[in-house]
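One structure below.
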Amino acid sequence: MTTILAASIKRERKRLGMTQDAVAQALRPHFPGGLYPSRATVANWEIDRADVPAEVLPWLARLFKVTTDSLLGLPAKAARNVLTAESNLGAAEPAGDGHAAAVDFAVGAAGADGSAARGQGGQDE
């Protein structure tokens, strides 16, 4: 059984008339860790034999001219609800490309100077 993401990659690639090799070539400048995807990498994503690195999802969406939400099978209404909830929380506004900016919800993880948060009495907890 393939996941929604696997099916979406295959569907969008075919919609644009691209080969698996063309997708791999287009993603090479954006692939993490200095590794390069191959035709086999894309084929494995499409049959759900390998995971797509999270860092690659936005680049796939741009390549296919869709949103990351649509690649993941999220309905447009759900995406709007998430953005509305983030706006109500005072979170970052969506980036210019239509994707919500990353929001760090960790409170007290580090001070403004990068120092670790301390418990009462200045002792590490």
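Miscellaneous remarks
- Residues located in the stretch 34-67, provided they are of a type in the set (K, R), surrounded by 14 or more Cβ atoms within 10 Å (Cβ to Cβ) and without any contact (Cβ under 8 Å) to a residue 24 or more places away in the chain: R39
- Restricting attention to the stretch 32-50, the residues being closer than 12 Å to T2 by Cβ, touching a helix residue (DSSP H, G or I) at 6+ places or on another chain (Cβ under 7 Å) and among the charged types (D, E, K, R) number 2.
- Filtered residues of the stretch 68-79 (kept if without any contact (Cβ under 8 Å) to a residue 12 or more places away in the chain and surrounded by fewer than 16 Cβ atoms within 10 Å (Cβ to Cβ)): L74, P75, A76, K77, A78
- The stretch 27-45, residues that are under 17 Å from the mean Cα position of the chain (by Cα) and assigned to a helix (DSSP H, G or I): L27, R28, P29, H30, P32, G33, V42, W45
- Unmet criterion (only one of (1) β-branched (V, I, T); (2) modelled with pLDDT under 50; (3) surrounded by 11 or more Cβ atoms within 10 Å (Cβ to Cβ)) for V107: (3)
The values are calculated or read from the model by the stated rules, or taken from the named source; none is laboratory data. None of these values were measured; they are calculated from a predicted model. Methodologically, a virtual Cβ is constructed for each residue, glycine included, from the backbone with ideal geometry; neighbour enumeration extends over all protein chains shown.
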